[in-house]
Amino acid sequence: MVSTAAPAASQAASPGVDGDIVIETRGLAKVYRDFWGRQKVRALKGLDLTVRRGEIFGLLGPNGSGKTTTIKLLLGLLFPTSGQAFVLGKPATDVAKNERIGYLPEESYLYKFLNAEETLDFYGRLFNLPKAVRRERTQKLLELVRVTTAKKRRLREYSKGMTRRIGLAQALINDPELIILDEPTTGLDPIGCREMKDLILDLKRQGKTVLMCSHLLADVQDVCDRIAVLHQGELKELGRVDGLLKVRDVTELRASGLSDECKTELAAVVAKHGGKLIGLDNPTTTLEELFLEIVQDAEARPGRRAASESST
């Protein structure tokens, strides 16, 4: 007698047929147990999500929400208690798929006695890259993360921000299809943060898929297409950033060159149709944009000083 149970089980354990899905989890759960096997922490509870090729996906949540556990499960560093995870069409437990992944952990574990060139060459050797390829990628990545002037210095002499840049370069040495970034802007100044975000957007333009975790919500808002919000191991929100941030019951009007008379008439029109005018004023920029504008202006016009507060 031939059993029909095996094909069904095999089908249930395989990834979806959609080739554009890079990450897929089904009921993924992780329970940490103590020495006696008793449940200690339920870090992840039935996570269901998909990440598609070419998108930047943000994984958000407070400390202890399950973000790091999710990443470790996707990399095969942990085994799930229940559920399934697939990465690049393979089970997450298949570590061979990690050759196609670049990973920047929250804390970069680099050899401090090596310089930048030696570091990237070392990681290129781990991926069995030919010498010529290692040399070419090393120089391109050093230019990309802007540490060419310090490439001969040992990493022990680097600031935290410079170490972060080298950490990103080593995550890209194997030209990965999927890049996982855990707090990528940690230790970077505002200019470095902007450059990091521009780099992430450039990776998307190259067709890469990026999964990133960050506590800096402005960074996520600037670069991510979709986000998932975790809390105490549970998925609380999932969707496109622009859709989630849109305030449905408020209409915003922006115009320039309006006279006071026109503003009064607009307020009267809103009231006539039963609406309530919440505000009609000049829009504001962000602190990040203001800071970058000031720095760029200072570089373009050296010697210029800020005007006094009273005159502004």
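Please treat every number below as a calculation from the coordinates, not as lab data. These numbers were taken from a predicted model, which means no experiment stands behind them. Note that we place each Cβ from the backbone using ideal geometry, even for glycine, and neighbour counts take in every protein chain shown.
See the values below:
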{"item": "Footprinting exposure proxy for LYS197, LYS272 (fewest neighbouring C-beta atoms within 10 Å first)", "result": "LYS272, LYS197"}
{"item": "GNM result for the chain, Cα springs below 10 Å: residue of GLY279, GLY83, GLY161 fluctuating most strongly", "result": "GLY279"}
{"item": "GNM result for the chain, Cα springs below 10 Å: residue of THR209, THR149, THR70 fluctuating most strongly", "result": "THR149"}
{"item": "Per-pair calculated FRET efficiency, R0 = 51 Å: ILE278 and ILE191 via Cβ, rounded to 0.05", "result": "0.90"}
{"item": "Rounded tilt (10° steps) of 116-126 against the dominant C-alpha axis of the chain", "result": "40 degrees"}
{"item": "Packing-based ranking, highest mean first, of 19-27, 198-206 given that Cβ atoms within 10 Å are counted", "result": "19-27, 198-206"}
{"item": "Structure-based [θ]222 nm, the chain - -39500 (n - 2.57) summed over DSSP H runs of at least 4, per residue, nearest 500", "result": "-10500 deg cm²/dmol"}
{"item": "Cα long-axis angle, helix 131-144 against the chain (0 to 90 degrees, to the nearest 10)", "result": "20 degrees"}
{"item": "Ranking of TYR109, TYR158 by count of other Cβ atoms within 10 Å, fewest first", "result": "TYR109, TYR158"}
{"item": "Anchor LYS152: lysines whose Cα lies under 27 Å away (excluding residues fewer than 8 positions away in-chain)", "result": "LYS112, LYS131, LYS140, LYS160, LYS197"}
{"item": "Net +/- balance of residues flanking GLU234 in space, Cβ distance below 13 Å, scoring K and R +1, D and E -1", "result": "+3"}
{"item": "Packing-based exposure ordering (other Cβ within 10 Å, fewest first) of ILE71, ILE278, ILE166", "result": "ILE278, ILE71, ILE166"}
{"item": "Candidates GLY257, GLY58, GLY187, ranked by Gaussian network fluctuation over the chain, Cα under 10 Å, top entry", "result": "GLY257"}
{"item": "Average silhouette area of the chain, convex hull of alpha-carbon atoms, in square nanometres", "result": "27.2 nm²"}
{"item": "Loop-located chymotrypsin sites (Phe, Trp or Tyr not before Pro) in the stretch 14-91 whose Cβ has at most 12 other Cβ within 10 Å (DSSP)", "result": "PHE35, TRP36"}
{"item": "Among beta bridges that DSSP assigns inside the chain, antiparallel share in %, nearest 5", "result": "60 percent"}
{"item": "Efficiency of FRET between TYR109 and ARG53 - r from beta-carbon atoms, R0 41 angstrom, step 0.05", "result": "0.90"}
